[in-house]
Amino acid sequence: MSTGVEKDGVAEAEAAASAAAAARRAGRRELTITVLIALLGGVIAWVCAGRTWATGVAGAVPNTLKVTASGNDLSAGVTALGLTALAGALALFATQRLARRLVGVLLIAAGIGTAVYAFGERGTSHASRVLAQKAAAKGFATDSVHAHTSSWWLLAVIGGVLVVLAGASAVLRGGGWPGMSSRYENAASKAAARTADTGSAKDLWDALDRGEDPTEPAAAPAVALNPTPGAEH
């Protein structure tokens, strides 16, 4: 009877361990996907900020100068927030629970800021002034330059949205995700538990095979006494 109860307990423990391992794998998968999304969004914003967002021609024919402005020239906020998103994505691996949720809030703020800055630079008014300043720095005195804008700002907005999605996922579900150290701690604890369980189970079954009661304390080993003092030389 007790053997059957013990087997049921072992089966329940194994089922619980399997469920916990499956939950850890699912959490690690979610964490990895979230980090990849945040990294992708940050890289898109950072790369787009270095591209040419506006072009124009200063001066009059035949004395003209073509000037260009990148996203960094129009607004340095896109680059700064894109790099912040990259740092926050990596921080998701190194944090747990509340700290990870706080990193998620940071990612949301960085993603929103990236999208707002990029969207705000889609027009030509600010670009015309920046192009005029760049032309003036090269000796072309002009108040404004007619600007032609590209669509890099739209890709930067998409990058910001990806960062926001990753941050929201970290805030809502990041508390249950495993951390970097959890993998090694769980592996060590499982190895120790496996060793202990294997040894105790083996001893238990060996004792039952011998017809012994494993619940009784082990008898103290007999100490051999020398009956004849001085017999040893």
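Packing order of peptides 26-35, 161-170, highest average first: 161-170, 26-35 (average count of other Cβ atoms within 10 Å over each peptide's residues).
Fewest first, what order do L39, L92, L98 take by the number of other Cβ atoms within 10 Å?
Values: L39 19, L92 26, L98 10.
Arranged by neighbour count, lowest to highest, L39, L92, L98 become L98, L39, L92.
Each Lys and Arg adds +1 at its Cβ and each Asp and Glu adds -1 at its Cβ; summed about the Cα centre, segment 38-171 shows a dipole of about 200 debye.
Seen from all directions on average, segment 73-177 presents a Cα convex hull projection of 7.0 nm².
Any read-out appearing in this document is the output of simple, stated calculations on the displayed coordinates, not a laboratory observation. Predicted model, so just to flag it, every value in this text is computed and none were measured. Please note: Cβ atoms are built from the backbone with ideal geometry, for glycine as well, and neighbour counts cover all protein chains shown.
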